[in-house]
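Please read the structure below before turning to the comments.
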Amino acid sequence: MRIDFGPGSEWGGISQAHSELMARNDGHLLHYRVYFAALWRANQKGHAEFRMGELATVLVRDDGVIPSRQSVTNAVARAKALDLIGHDSTVRCLTLPHHHFQKGGRGGRRCSVHGDVTPWTRAA
């Protein structure tokens with residue numbers, strides 16, 4: 001897949017491995033950790049799938065406490081409100097907008113949560 005953000009648009013890469021470390025770092029606010037989790041897991045389509053309850057285990061605190069389902073849901077909602085992740089994101093699949101994230105190389109193009117095609121749109 002060719003990465004193209006449009007004519008004259010500059011872009012740089014990120015380390016998905018480092019994004020995992022940031023997602024697991026309790027020093028960051030929970031909604032930013034959700035964003036880093038999306039960057040870490042995103043496939044070529046910009047979708048980051050998680051098994052039921054898995055995102056909470058990624059967001060575990062340093063003292064071993066796993067955030068409640070409501071805390072994780074609230075963090076996803078806050079990340080959406082800040083446009084860090086797509087407004088179609090759920091605790092099962094975090095999406096990234098195509099104008100922000102594109103990926104070449106390895107990684108699938110399917111999403112079992114959203115199906116094959118889901119444009120990133122801002123909620124009204």
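The values are calculated or read from the model by the stated rules, or taken from the named source; none is laboratory data. Since we're looking at a predicted model, the values are computed, not measured. Cβ placement follows ideal geometry from the backbone for every residue including glycine, while neighbour counts extend to all protein chains displayed. For the accessible areas, the whole protein counts, side chains as well, though only heavy atoms, and no ligand, DNA or RNA atoms are used. Shrake-Rupley method; radii C 1.70, N 1.55, O 1.52, S 1.80 Å.
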Exposure rank, largest accessible area first [Met22, Met52; 1.4 Å]: Met52, Met22
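In the range 1-84, which GluC sites (Glu not before Pro) fall in coil by DSSP and have 15 or fewer other Cβ atoms within 10 Å? Write out the running numbers ahead of the final one.
On the way: sites: Glu10, Glu20, Glu49, Glu54; in loops: Glu10.
Those satisfying the criteria are Glu10.
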Farthest toward positive dipole pole in the range 1-67 [+1 Lys/Arg, -1 Asp/Glu at C-beta], among Phe5, Val65, Ser19: Phe5
Overall form of the range 3-95 per C-alpha gyration tensor (a/c, 1.5; a/b vs b/c): prolate
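What dipole magnitude, in Debye to the nearest 20, does the range 43-108 give about its Cα centre under +1 on Lys/Arg Cβ and -1 on Asp/Glu Cβ?
Working: 9 positive and 6 negative charges, 35 e Å.
The dipole magnitude comes to about 160 debye.
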Probe 1.4 Å - accessible area at Arg92, Å² to nearest ten: 80
Accessible area (Å², 1.4 Å probe, nearest 10) - Thr57: 70
Amide H partners (placed H, <5 Å) of Cys93, local residues excluded: Phe50
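So if we plug the beta-carbon distance of Arg69 and Trp11 into 1/(1 + (r/R0)^6) with R0 = 35 Å, what FRET efficiency do we get, rounded to 0.05? Display every interim value, and only then the final one.
Values: r = 36 Å, r/R0 = 1.02.
Once rounded, the FRET efficiency stands at 0.45.
Any chance you could run the full-extension gain for His99 through Ala81? It's 0.36 nm times the residue separation minus the Cα-Cα distance, nm to one decimal.
Numbers: separation 18, 0.36 × 18 = 6.48 nm, distance 1.71 nm.
Full extension of this stretch gives 4.8 nm more.
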Whether the range 9-57 is rounded, prolate or oblate, judged on the alpha carbon gyration tensor where a/c under 1.5 counts as rounded: oblate
Karplus-derived 3J(HN,Hα), 6.51/-1.76/1.60, for each residue of the range 29-40, Hz, glycine and proline x: 4, 4, 5, 6, 5, 4, 4, 5, 4, 5, 4, 4
